[in-house]
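S.K.: The structure follows.
The values are calculated or read from the model by the stated rules, or taken from the named source; none is laboratory data. Computed from a predicted structure; not experimentally measured. Glycine gets a Cβ as well: all are built from the backbone with ideal geometry, and neighbour counts include every protein chain shown.
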Amino acid sequence: MVGSQIACDPGEKPLSRLVELRRWFHQHPELSFQEVETARKIVTELERLKIAYDYAGVGHAVIGRIPGCDPAKPAIGLRAEMDALPGNESTGASYASIYPGKMHACGHGAHMAMLLGAAETLVMNPPLGPVNLVFQPAEENGGGARTAITDGALENVAAIFAGHVTHEYTTGQIMVRDGSVTSQSDRFAVRIRGKGGHGARPHEAIDAVVITGFLITALQTLVSREVNPLHSAVVTIGKVNAGSAPNVIAEEAELKGSIRTFRPEVRYHIHHGIKRMISAAAELHGAEIELDIHEGYPPVINEPKATAVAQAAARETVGDDHVVGAEFPSMGSEDFSYYLEKVPGAFVRFGARAADWEPIPLHSPAFDIDENVLAIGARFYDRVARLGHKQNTVFTNGV
């Protein structure tokens, strides 16, 4: 009977198998929209589990489809990311990346292993309705969630859930927060053209380096002096290129940065403030300055009903005492937001730091995880899919 299936414990995929999968992914990192071997490995696992899937080829999502007890019901979506980051790993682990210049510094290999672990338990003991297993490309660079949506990731989906490993919490903790979870992320590039000259005769030139330094300092005042201090915002200059020799005044320079905000009015003010400052700097120094602002990922905003389902699943997974909240959202960004523009959902964080470890930030070349988190993540995804189906009438009628 359906009721007895849902009530019983589906069990957990053996940790050793989850570790094996995660280490394979970790050793074979591939950059955004280049996930060839990664997708092939996922397809092999889905075929082993006899799970039907859609895959349009490199650069697309692999979407597994578990029919559940009643395939006519709306589906619950579960998402993991396939891509890695550029960078040379420094963990020294036996399973370190075998590809120079690439590594899973954000833990996406763990996410894929978790989702495949949940897939097995969901096949062994079907939930009330369908589950879409979404393995998406290019979360790090390119907004691969949009590709996954085009590929059919949200087809018949009533709600979608995802999570991310982190050292902000210890292994055994799951962070669930209602409302804003991550920020809006935008990027900008400033190109400065002055007038080159000899380093001994600055009066004959327009120094692009001096203008760059002026802008680096001035742009920080947008946050420190123009944004309400109660409204979170960050402007970061992450890359600067200028100059060719110590005794040459640079004619051209370029700086690139990012903008993180939550409130639309703050984002608007910073965008227009950057334009205002650049126009003023060009006039002040007699230079030509161009600005390009590129819209990034929208903020991740958990929907209340989906958050309640995620909290219940987390409690069943790790117990009440280990489900934690967060007073403030993260200034990071996540393209899971594109799914949440279409359907309700919730994004959680899995503590992945052993109690005696020093915390290491995501994207660090030294980032690794306590692999005990793999079973926790797999169990959470199994639970959230089952509980999500119990709440499907809420998602389909109340949102």
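S.K.: Only residues that are in a loop (DSSP other than H, G, I, E, B) and farther than 17 Å from PRO299 by Cα: list them for segment 245-288, please.
M.R.: ALA245, PRO246, ASN247, ALA250, GLU251, GLY286, ALA287
S.K.: In segment 199-235, what count of residues is obtained for those that are touching a strand residue (DSSP E or B) at 6+ places or on another chain (Cβ under 7 Å) and over 30 Å from TYR338 (Cα atoms)?
M.R.: 12
S.K.: Inside segment 1-42, can you point out the residues that are at negative phi, modelled with pLDDT of 95 or more, assigned to a loop (DSSP other than H, G, I, E, B) and not hydroxyl-bearing (Ser, Thr, Tyr)?
M.R.: HIS28, PRO29, GLU30, LEU31, GLN34, GLU35
S.K.: Shifting gears a bit: Across segment 147-164, which residue is nearest to LEU374 (Cα to Cα) among those that are among the small types (Gly, Ala, Ser) and part of a strand (DSSP E or B)?
M.R.: Per the stated criteria, the residue is GLY163.
S.K.: In segment 319-344, which residues are over 15 Å from the mean Cα position of the chain (by Cα) and in contact (Cβ under 8 Å) with a residue 12 or more places away in the chain?
M.R.: The answer is HIS322, VAL323, VAL324, GLY325, ALA326, PHE328, GLU341, LYS342, VAL343, PRO344.
S.K.: Oh, and also: Within segment 127-146, how many residues are in contact with a strand residue (DSSP E or B) (Cβ under 7 Å, 6 or more places away or on another chain) and either assigned to a loop (DSSP other than H, G, I, E, B) or of a type outside the set (S, T, N, Q) (or both)?
M.R.: Counting residues in segment 127-146 that are in contact with a strand residue (DSSP E or B) (Cβ under 7 Å, 6 or more places away or on another chain) and either assigned to a loop (DSSP other than H, G, I, E, B) or of a type outside the set (S, T, N, Q) (or both) gives 10.
S.K.: Between ALA313, ALA306, ALA346, ALA352, which is of a type in the set (Gly, Ala, Ser), touching a Lys or Arg at 6+ places or on another chain (Cβ under 6 Å) and crowded, with 22+ Cβ neighbours inside 10 Å?
M.R.: Only one candidate qualifies: ALA313.
S.K.: Follow-up. Determine which single condition LEU78 fails, assuming it passes every other condition in (1) under 22 Å from ALA310 (Cα atoms); (2) in a loop (DSSP other than H, G, I, E, B); (3) not acidic (Asp, Glu).
M.R.: Answer for LEU78: the failing condition is (2).
S.K.: Do we have any residue at all in segment 161-181 that's surrounded by 24 or more Cβ atoms within 10 Å (Cβ to Cβ), farther than 30 Å from MET82 by Cβ and of a type in the set (Val, Ile, Thr)?
M.R.: Taking every residue of segment 161-181 in turn, none turns out to be surrounded by 24 or more Cβ atoms within 10 Å (Cβ to Cβ), farther than 30 Å from MET82 by Cβ and of a type in the set (Val, Ile, Thr).
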